[in-house]
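Below is one structure, written out as C-alpha coordinates; the observations come after it.
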Amino acid sequence: MLMKADPNPLAAPATDEGMPMSVKIRERLLAARKRFHANDNIADFIEPGELEGLLDEVEVKMQAVLDSMVIDTASDHNTADTARRVAKMYLNEVFRGRYAKVPTITEFPNAEHLNELMIVGPITVRSACSHHFCPVIGKVWIGVMPNEHTNVIGLSKYARLAEWVMGRPQIQEEAVVQLADLIMEKTQPDGLAIVMEATHYCMAWRGVKDMESKMINSVMRGVFLKDAALRREFLALIPKRNMNGN
Ligand SMILES: [Zn+2]
(Lines give C-alpha, C1' and ligand atoms only; values in the text may rest on other atoms or scores of the structure.)
Protein backbone atom coordinates (compact mmCIF):
# COMPACT_ATOMS: atom_id res chain seq x y z
CA MET A 1 0.00 0.00 0.00
CA LEU A 2 1.23 3.42 -0.87
CA MET A 3 1.45 5.76 2.12
CA LYS A 4 0.88 9.40 1.62
CA ALA A 5 3.67 11.46 3.17
CA ASP A 6 2.81 13.90 5.93
CA PRO A 7 2.58 17.45 4.69
CA ASN A 8 6.00 19.02 5.03
CA PRO A 9 5.94 21.21 8.17
CA LEU A 10 8.59 23.42 6.57
CA ALA A 11 6.59 24.05 3.44
CA ALA A 12 6.11 27.69 2.54
CA PRO A 13 2.96 29.31 3.95
CA ALA A 14 0.22 29.13 1.38
CA THR A 15 -1.85 32.06 0.18
CA ASP A 16 -5.66 31.99 0.00
CA GLU A 17 -5.48 29.98 -3.20
CA GLY A 18 -3.09 27.50 -1.56
CA MET A 19 -0.20 28.85 -3.58
CA PRO A 20 3.02 30.16 -2.00
CA MET A 21 3.30 33.94 -2.28
CA SER A 22 6.51 33.71 -4.31
CA VAL A 23 4.78 31.48 -6.89
CA LYS A 24 1.86 33.87 -7.15
CA ILE A 25 4.20 36.83 -7.80
CA ARG A 26 6.37 34.80 -10.17
CA GLU A 27 3.31 33.83 -12.24
CA ARG A 28 2.39 37.49 -12.70
CA LEU A 29 5.93 38.24 -13.85
CA LEU A 30 5.88 35.33 -16.30
CA ALA A 31 2.46 36.34 -17.63
CA ALA A 32 3.75 39.88 -18.23
CA ARG A 33 7.00 38.48 -19.71
CA LYS A 34 8.94 40.61 -17.23
CA ARG A 35 12.49 39.70 -16.32
CA PHE A 36 13.06 39.01 -12.63
CA HIS A 37 16.79 38.64 -12.28
CA ALA A 38 18.36 39.40 -8.90
CA ASN A 39 18.98 43.05 -9.84
CA ASP A 40 15.53 43.69 -11.33
CA ASN A 41 12.88 45.61 -9.42
CA ILE A 42 9.61 43.67 -9.14
CA ALA A 43 7.57 46.12 -7.04
CA ASP A 44 4.87 46.51 -9.72
CA PHE A 45 4.01 42.83 -9.36
CA ILE A 46 3.57 42.82 -5.60
CA GLU A 47 0.20 43.88 -4.26
CA PRO A 48 -0.26 45.72 -0.96
CA GLY A 49 0.22 43.37 2.00
CA GLU A 50 1.91 40.64 -0.04
CA LEU A 51 5.43 41.56 1.07
CA GLU A 52 4.45 40.40 4.59
CA GLY A 53 3.50 37.01 3.15
CA LEU A 54 6.74 36.87 1.22
CA LEU A 55 8.64 37.65 4.41
CA ASP A 56 6.94 34.74 6.22
CA GLU A 57 7.85 32.47 3.32
CA VAL A 58 11.52 33.53 3.28
CA GLU A 59 11.67 33.02 7.06
CA VAL A 60 10.45 29.42 6.72
CA LYS A 61 12.95 28.70 3.94
CA MET A 62 15.77 30.40 5.87
CA GLN A 63 14.96 28.24 8.88
CA ALA A 64 15.30 25.20 6.61
CA VAL A 65 18.79 26.44 5.60
CA LEU A 66 19.79 26.73 9.28
CA ASP A 67 18.39 23.24 9.92
CA SER A 68 20.38 21.86 6.99
CA MET A 69 23.49 23.54 8.39
CA VAL A 70 22.86 21.46 11.56
CA ILE A 71 22.44 24.50 13.79
CA ASP A 72 20.35 23.84 16.87
CA THR A 73 18.20 26.96 16.70
CA ALA A 74 15.86 25.50 19.34
CA SER A 75 18.47 25.63 22.14
CA ASP A 76 20.89 28.21 20.76
CA HIS A 77 19.44 31.54 21.86
CA ASN A 78 21.76 33.36 19.42
CA THR A 79 20.17 31.79 16.37
CA ALA A 80 16.63 31.32 17.68
CA ASP A 81 15.31 34.27 15.64
CA THR A 82 17.96 34.35 12.94
CA ALA A 83 15.65 33.04 10.19
CA ARG A 84 13.20 35.90 10.80
CA ARG A 85 16.02 38.46 11.13
CA VAL A 86 17.66 37.41 7.88
CA ALA A 87 14.32 37.38 6.04
CA LYS A 88 13.60 40.93 7.25
CA MET A 89 17.11 42.08 6.44
CA TYR A 90 16.84 40.80 2.86
CA LEU A 91 13.35 42.00 2.04
CA ASN A 92 13.09 45.22 4.06
CA GLU A 93 16.68 46.42 4.19
CA VAL A 94 19.55 45.27 2.01
CA PHE A 95 17.46 44.10 -0.98
CA ARG A 96 14.65 46.60 -0.54
CA GLY A 97 15.48 48.02 -3.97
CA ARG A 98 13.99 44.87 -5.53
CA TYR A 99 10.66 45.10 -3.73
CA ALA A 100 10.03 48.84 -3.20
CA LYS A 101 8.84 51.23 -5.89
CA VAL A 102 11.22 53.84 -7.27
CA PRO A 103 11.54 56.79 -4.83
CA THR A 104 9.38 59.74 -5.80
CA ILE A 105 11.63 62.54 -6.96
CA THR A 106 10.44 66.04 -7.66
CA GLU A 107 12.03 67.37 -10.81
CA PHE A 108 12.27 71.09 -11.45
CA PRO A 109 12.78 72.81 -14.78
CA ASN A 110 16.27 74.21 -15.24
CA ALA A 111 15.18 77.80 -14.56
CA GLU A 112 18.74 79.03 -13.97
CA HIS A 113 19.82 77.55 -17.31
CA LEU A 114 22.65 75.71 -15.62
CA ASN A 115 25.06 74.46 -18.25
CA GLU A 116 28.24 73.78 -16.30
CA LEU A 117 29.55 70.41 -15.24
CA MET A 118 28.09 69.44 -11.88
CA ILE A 119 29.57 66.67 -9.76
CA VAL A 120 27.77 64.87 -6.95
CA GLY A 121 29.70 62.63 -4.62
CA PRO A 122 31.10 60.71 -3.03
CA ILE A 123 27.80 58.96 -2.33
CA THR A 124 28.29 55.93 -0.11
CA VAL A 125 26.61 52.89 -1.64
CA ARG A 126 25.86 49.51 -0.13
CA SER A 127 24.95 46.47 -2.11
CA ALA A 128 25.67 42.74 -2.25
CA CYS A 129 27.06 40.64 -5.04
CA SER A 130 24.64 38.39 -6.89
CA HIS A 131 27.19 35.57 -6.82
CA HIS A 132 27.65 35.16 -3.07
CA PHE A 133 25.28 37.66 -1.43
CA CYS A 134 28.37 39.18 0.20
CA PRO A 135 28.40 42.94 0.86
CA VAL A 136 29.69 45.35 -1.77
CA ILE A 137 30.40 48.72 -0.17
CA GLY A 138 31.81 51.71 -1.89
CA LYS A 139 31.39 55.17 -3.31
CA VAL A 140 29.80 56.67 -6.37
CA TRP A 141 30.54 59.96 -8.12
CA ILE A 142 28.07 61.38 -10.60
CA GLY A 143 28.86 64.03 -13.18
CA VAL A 144 25.96 65.78 -14.89
CA MET A 145 26.14 68.08 -17.88
CA PRO A 146 22.79 69.87 -17.95
CA ASN A 147 21.12 71.70 -20.81
CA GLU A 148 18.16 74.10 -20.78
CA HIS A 149 15.69 71.19 -20.93
CA THR A 150 17.32 69.14 -18.20
CA ASN A 151 15.24 68.49 -15.11
CA VAL A 152 16.98 69.56 -11.95
CA ILE A 153 16.73 67.29 -8.94
CA GLY A 154 17.98 67.94 -5.41
CA LEU A 155 21.45 66.66 -4.56
CA SER A 156 20.14 64.22 -1.96
CA LYS A 157 17.90 62.67 -4.62
CA TYR A 158 20.90 61.23 -6.45
CA ALA A 159 21.73 59.35 -3.26
CA ARG A 160 18.17 58.04 -2.99
CA LEU A 161 18.18 56.79 -6.57
CA ALA A 162 21.58 55.15 -5.99
CA GLU A 163 20.31 53.48 -2.82
CA TRP A 164 17.32 52.07 -4.71
CA VAL A 165 19.47 50.60 -7.50
CA MET A 166 22.15 49.26 -5.15
CA GLY A 167 19.60 47.74 -2.78
CA ARG A 168 19.51 44.54 -4.83
CA PRO A 169 21.87 41.64 -5.34
CA GLN A 170 24.07 43.33 -7.93
CA ILE A 171 26.96 43.03 -10.32
CA GLN A 172 28.92 46.29 -10.17
CA GLU A 173 29.13 46.70 -13.96
CA GLU A 174 25.36 46.28 -14.28
CA ALA A 175 24.60 48.43 -11.22
CA VAL A 176 26.28 51.53 -12.70
CA VAL A 177 24.45 51.02 -16.00
CA GLN A 178 21.09 50.72 -14.20
CA LEU A 179 21.88 53.87 -12.22
CA ALA A 180 22.90 55.75 -15.37
CA ASP A 181 19.70 54.70 -17.18
CA LEU A 182 17.59 55.86 -14.25
CA ILE A 183 19.29 59.26 -13.90
CA MET A 184 19.14 59.80 -17.68
CA GLU A 185 15.41 59.02 -17.64
CA LYS A 186 14.70 61.30 -14.65
CA THR A 187 16.82 64.31 -15.60
CA GLN A 188 17.50 64.15 -19.39
CA PRO A 189 20.94 65.82 -19.27
CA ASP A 190 23.29 66.35 -22.24
CA GLY A 191 25.74 64.02 -20.60
CA LEU A 192 26.15 61.82 -17.59
CA ALA A 193 29.23 60.20 -16.07
CA ILE A 194 29.28 57.77 -13.18
CA VAL A 195 32.27 56.27 -11.41
CA MET A 196 31.91 53.60 -8.78
CA GLU A 197 34.65 52.28 -6.54
CA ALA A 198 33.79 49.46 -4.18
CA THR A 199 35.18 46.74 -1.97
CA HIS A 200 33.70 43.35 -2.71
CA TYR A 201 33.60 41.38 0.50
CA CYS A 202 33.40 38.13 -1.42
CA MET A 203 37.07 38.83 -2.17
CA ALA A 204 37.93 39.92 1.37
CA TRP A 205 35.99 37.51 3.58
CA ARG A 206 36.38 34.47 1.32
CA GLY A 207 38.08 33.64 -1.98
CA VAL A 208 41.43 35.40 -2.32
CA LYS A 209 40.92 37.14 1.07
CA ASP A 210 42.38 40.36 -0.22
CA MET A 211 41.26 43.23 2.02
CA GLU A 212 42.67 45.94 -0.21
CA SER A 213 41.35 45.14 -3.65
CA LYS A 214 38.73 47.46 -5.01
CA MET A 215 36.80 47.44 -8.19
CA ILE A 216 36.45 50.68 -10.09
CA ASN A 217 34.25 51.15 -13.09
CA SER A 218 32.58 53.92 -14.95
CA VAL A 219 29.84 54.64 -17.40
CA MET A 220 29.72 57.66 -19.70
CA ARG A 221 26.72 58.92 -21.62
CA GLY A 222 26.05 61.68 -24.13
CA VAL A 223 28.65 64.46 -24.30
CA PHE A 224 30.97 62.57 -21.92
CA LEU A 225 31.37 59.94 -24.65
CA LYS A 226 32.28 62.47 -27.34
CA ASP A 227 34.26 65.03 -25.38
CA ALA A 228 37.56 63.72 -24.00
CA ALA A 229 38.33 67.06 -22.32
CA LEU A 230 35.06 66.97 -20.41
CA ARG A 231 35.75 63.39 -19.39
CA ARG A 232 39.19 64.41 -18.13
CA GLU A 233 37.71 67.37 -16.27
CA PHE A 234 35.24 65.10 -14.50
CA LEU A 235 37.84 62.49 -13.59
CA ALA A 236 40.29 65.16 -12.39
CA LEU A 237 37.65 66.67 -10.12
CA ILE A 238 37.01 63.39 -8.35
CA PRO A 239 39.30 63.48 -5.33
CA LYS A 240 41.96 60.80 -5.03
CA ARG A 241 40.75 58.99 -8.11
CA ASN A 242 43.29 57.23 -10.23
CA MET A 243 41.40 56.19 -13.31
CA ASN A 244 43.43 54.56 -16.07
CA GLY A 245 46.64 55.88 -14.57
CA ASN A 246 45.66 59.52 -15.16
ZN1 LIG B 1 30.73 37.61 -4.96
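The values are calculated or read from the model by the stated rules, or taken from the named source; none is laboratory data. Keep in mind that what you see is a predicted model, and the values were worked out from it rather than measured. Cβ placement follows ideal geometry from the backbone for every residue including glycine, while neighbour counts extend to all protein chains displayed.
For the reader, a short list of remarks on this structure follows.
- Residue among 207, 154, 167 that alone is crowded, with 21+ Cβ neighbours inside 10 Å and either of a type outside the set (Val, Ile, Thr) or over 17 Å from the mean Cα position of the chain (by Cα) (or both): 167
- Look at the range 93-116: where a residue is under 15 Å from residue 154 (Cα atoms) and a partner is part of a loop (DSSP other than H, G, I, E, B), sitting 6+ places away or on another chain with Cβ atoms under 6 Å, you get 105/153; 107/153; 110/146; 110/148; 110/150; 114/146.
- All positions within the range 98-138 that are within 30 Å of residue 55 (Cα to Cα) and in a strand (DSSP E or B): 123, 124, 125, 126, 127, 128, 129, 135, 136, 137, 138
- Among the candidates 93, 107, 174, 148, the residue that is away from the ligand (no atom under 16 Å from the Cβ) and under 12 Å from the mean Cα position of the chain (by Cα) is uniquely 93.
- Residue check, residue 134 surrounded by 15 or more Cβ atoms within 10 Å (Cβ to Cβ), modelled with pLDDT under 95 and within 16 Å of the ligand (Cβ to nearest atom): no
- Candidates 32, 64, filtered to the one that is surrounded by 14 or more Cβ atoms within 10 Å (Cβ to Cβ), modelled with pLDDT of 95 or more and over 20 Å from residue 96 (Cβ atoms): 64
- Residue check for residue 102: within 16 Å of the ligand (Cβ to nearest atom), closer than 22 Å to residue 182 by Cα and out of contact with any Cys (no Cβ under 9 Å at 6 or more places or on another chain): no
- Selection status of residue 193, within 15 Å of the ligand (Cβ to nearest atom), aliphatic (A, V, I, L, M) and under 28 Å from residue 107 (Cα atoms): no
- For the range 53-64, the count of residues that are out of contact with any His (no Cβ under 7 Å at 6 or more places or on another chain) and assigned to a loop (DSSP other than H, G, I, E, B) is zero.
- Answer residue from the range 170-204, given it is touching a helix residue (DSSP H, G or I) at 6+ places or on another chain (Cβ under 8 Å), within 22 Å of residue 237 (Cα to Cα) and of a type in the set (Gly, Ala, Ser) and is surrounded by the most Cβ atoms within 10 Å (Cβ to Cβ) among those: 193
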